[in-house]
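Below: one structure, written as structure tokens.
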Amino acid sequence: MKKLLMLSVALTLSASPTLAQDMTLNIYNWSDYIAEDTIEKFTAETGITVVYDVYDSNEVLEAKMLTGSSGYDVVVPTSDFLQRQIGAGVYQPLDKSQLPNLVNMDADLMAGAASFDPDNEHAVIYMWGTTGIGFNAGMVAERLGADYEVSSWDLVFDLETVAKLGDCGVSFLDAPSEMLPAAMNYLGLDPRSTNVADFEAGAALLETVRPHIRYFHSSQYINDLANGDTCVAVGWSGDVFQAQARAAEAENGVEIGYVIPSEGALQWFDMMAIPVDAPHPEAAHKFINFVMDAQITADITNYVWYANANAASMSLVDEEITSDPGIFPTDEAKERLWGATVYDARTDRVVTRLWTRVKSGQ
């Protein structure tokens with residue numbers, strides 16, 4: 001489901017320089033997406049030095065993967081991007097004999113991910129979530145009335161409604177493969193459609209509300225919501241809950257909520273995969289297996305507030321998280337979720353062209 005901060009954290013061991021150099025793992029993951037002590041614990045357990053870099057969009061990751069020779073050992077693409085990249089020969093098959101903790105994973109969720117990667121041959125679920133609406137309850141109530149219930153995409157796609165929120169700041173993800181389908185779904189169209197006319201209709205809706213959108217970004221909204229600098233964001237579930245936690249920690253009086261809109265929303269899986277040219281594939285397998293440990297997965301979920309697919313971890317996850325329908329959707333909400341569509345090159349060009357037009361407002 002993030003702030004573009006090219007952060008590199010090298011955790012080194014008290015070992016000889018040669019040994020430390022040989023035992024290195026290069027990870028490329030979404031920002032704000034791991035517990036504070038996960039890397040430290042991995043290094044303590046395995047003696048492997050970690051270099052940890054971050055990105056905030058699938059497009060950034062894909063550019064590196066398709067160029068090749070990225071130098072990374074573990075990366076975390078979202079499932080639809082994973083499928084396309086598997087087709088391009090980007091990832092190596094997993095050696096499941098090195099992943100005994102696979103037994104901890106939820107069979108149904110892994111089956112869902114297998115629709116993008118048959119037999120889960122190349123990747124394992126890291127975290128999963130939905131793309132919905134984060135909002136500042138106080139600011140929204142001031143503008144729309146105390147009795148207004150945030151439950152629908154109306155909040156951002158109905159012109160009359162979003163116009164009332166423009167002064168307090170509305171943001172959209174800079175993610176065309178998510179924003180266009182959401183708009184299409186709101187119009188009653190199939191969000192998984194690749195029909196050019198459907199994309200055009202979705203883009204037209206976004207252009208209608210564009211004058212009231214402060215910015216398009218995939219991570220800035222976390223801090224902006226937490227600080228009360230914006231009032232509404234189309235964002236990733238865990239990101240919004242992180243904003244909520246930061247606001248609570250700051251005790252700044254900002255109350256952040258998250259909803260899966262009643263019309264439905266995108267469900268996505270972020271997947272741990274190993275590039276075909278990874279310099280340290282054995283260390284990569286060790287890390288993936290380590291993350292699938294029930295306690296480690298629970299620690300990450302408890303820190304980042306994203307749902308995980310580790311069935312063995314659930315008793316270790318805070319009840320506040322497991323009971324929140326915005327993180328772990330109800331069965332009723334699940335029926336309204338859709339999965340991402342993998343676009344071919346032609347469709348990609350259409351989506352890119354329309355998204356450029358939407359963002360530029362021209």
If R0 is 51 Å, what FRET efficiency do you get for Asp229 and Ser97 from their C-beta distance, rounded to 0.05? 0.55
How much length would be gained if the chain were fully extended between Thr341 and Ala163, taking 0.36 nm per residue of separation minus their Cα-Cα distance, in nm to one decimal? 61.0 nm
How big is the dipole moment of the range 309-362 about its Cα centre under a simple scheme where the beta carbon of each Lys and Arg is +1, that of each Asp and Glu is -1, and everything else is neutral? Debye, nearest 20, please. 800
Which residues qualify? For Ser262, with a placed amide H closer than 5 Å and at least 5 residues away or on another chain, they are Ser152, Trp153
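Note down the net charge around Asp277, summing +1 for each Lys or Arg and -1 for each Asp or Glu among other residues with Cβ under 13 Å from its Cβ. Provide the component values of the computation, followed by the final result.
Working: positive: Lys64; negative: Asp73.
Surrounding charge for Asp277 is 0.
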If you keep only loop residues by DSSP, which GluC sites (Glu not before Pro) in the range 319-362 have at most 14 other Cβ atoms within 10 Å of their Cβ? Glu335
Calculated from DSSP helices alone, with each H run of at least 4 adding -39500 (n - 2.57) and the total divided by the residues of the chain, [θ]222 nm to the nearest 500 comes to -11500 deg cm²/dmol
Close Lys-Lys pairs in the chain, where close means Cα under 26 Å and separation is 8 or more or interchain: 15
Please compute the net charge surrounding Ala137, taking Lys and Arg as +1 and Asp and Glu as -1 over other residues with Cβ under 14 Å from its Cβ. -3
Determine the sum of side-chain charges near Gly71: Lys and Arg each +1, Asp and Glu each -1, restricted to other residues whose C-beta is under 15 angstrom from that of Gly71. -2
Dipole magnitude of the range 127-261 about its Cα centre (Cβ charges: Lys, Arg +1; Asp, Glu -1), debye to nearest 20: 160
Cleavage-rule hits, chymotrypsin sites (Phe, Trp or Tyr not before Pro), the range 286-362, DSSP coil, Cβ neighbours within 10 Å at most 14: none
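Each reported figure results from applying straightforward, stated rules to the coordinates on display, with no laboratory input. Quick caveat, the model's predicted, so the values are computed rather than measured. Glycine gets a Cβ as well: all are built from the backbone with ideal geometry, and neighbour counts include every protein chain shown.
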